[in-house]
Amino acid sequence: MKTNLLLFCAIFFLIHIAIYAQRAEVSVGVPVFNNVYVHFEKPISKWKNVSFTSSAAYKFHADNDIRFGELFFSSVIKSNSIRRTKFDVGLRAYLVKFDRQKWLNMYVGASFLVGKMSREFNDYRLNIPKDSLTQKAIYFGPEFTSGVKIVILKKITITPALGLAYLFKSVNSENISKKEELWYARDWFDGEILNRNNTESRRTNVINLGFGWTPNIYLNIGYKF
């Protein structure tokens, strides 16, 4: 995992050295839910209110049955483990011009993101082959954000934001087990069976979670070069 993370960071920084040679701003996501998140932003000189942005995120392996609104990968996913990688590029339009902004500036943004996801479903000791419990997908789509940038001491930035993305996916889910016991409605904490009905529709809903319309929560701490 450490090797993959180092490679991920190295490639990302090398790609952006040329793009962000001057007046760059670098932010990192608050490290919750085992995420690594890096965000770059550079003002566009022709448009004083607009900046070009890009970011990359990597989610570590995590053993949890339920995820609530994962930062930077927001989705409610019932799974045993999950890994995700995400890249995006976009634009931000600020309410106040860069050369006039003081300590607070609101913005709206739009970006296009692409990512890779792999997750394994918990078989609840049903002895289902691992291949029938693993879902892999390439996902992509537009995202729209709205947030506030807070500037401290002219260099440090704090940027809380809300986003809404529509994610398309390229995945064949037919390999995922259709065994009814796997798709019983269960208690999130102890796995106790709550409902044995509607297993087919529940399977469809669960494997599609995290795609389509997806809300995102962002909280970045950055430094302006």
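So the values come out like this:
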| quantity | calculated |
| --- | --- |
| Residue in region 173-185 that is of a type in the set (Lys, Arg) and farther than 16 Å from Gln135 by Cα present | no |
| In region 141-186, residue most open to solvent (accessible area, probe 1.4 Å) [restricted to those that are among the acidic types (Asp, Glu) and under 26 Å from the mean Cα position of the chain (by Cα)] | Glu174 |
| Residues being within 30 Å of Ser177 (Cβ to Cβ) and in a strand (DSSP E or B) - total across region 124-145 | 8 |
| Index of the failed condition, Ile207 passing every other in (1) within 17 Å of Gly115 (Cβ to Cβ); (2) part of a strand (DSSP E or B) | (2) |
| Residue ranges of strands (runs of 3 or more DSSP E) in region 5-123 with at least 1 members modelled with pLDDT of 85 or more and open to solvent by 40 Å² or more (accessible area, probe 1.4 Å) | 47-59, 81-94, 104-120 |
| Residue within region 156-173 that is part of a helix (DSSP H, G or I), of a type in the set (Gly, Ala, Ser) and modelled with pLDDT under 85 present | yes |
| Count - residues of region 104-128 that are over 27 Å from the mean Cα position of the chain (by Cα) and either farther than 21 Å from Thr204 by Cα or free of Cβ contacts under 8 Å to residues at least 24 places away in the same chain (or both) | 2 |
| Inter-residue pairs, beta-carbon under 9 Å, first on the phi > 0 side of the Ramachandran plot and in region 179-205, second modelled with pLDDT of 85 or more and surrounded by 11 or more Cβ atoms within 10 Å (Cβ to Cβ), 6+ apart | Asn198/Trp183 |
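The values are calculated or read from the model by the stated rules, or taken from the named source; none is laboratory data. Computed from a predicted structure; not experimentally measured. Positions of Cβ are backbone-derived with ideal geometry, glycine not excepted, and every protein chain shown enters the neighbour counts. Please note that ligands, DNA and RNA were not included when accessible areas were found on the heavy atoms of the full protein model with its side chains. Shrake-Rupley method; radii C 1.70, N 1.55, O 1.52, S 1.80 Å.
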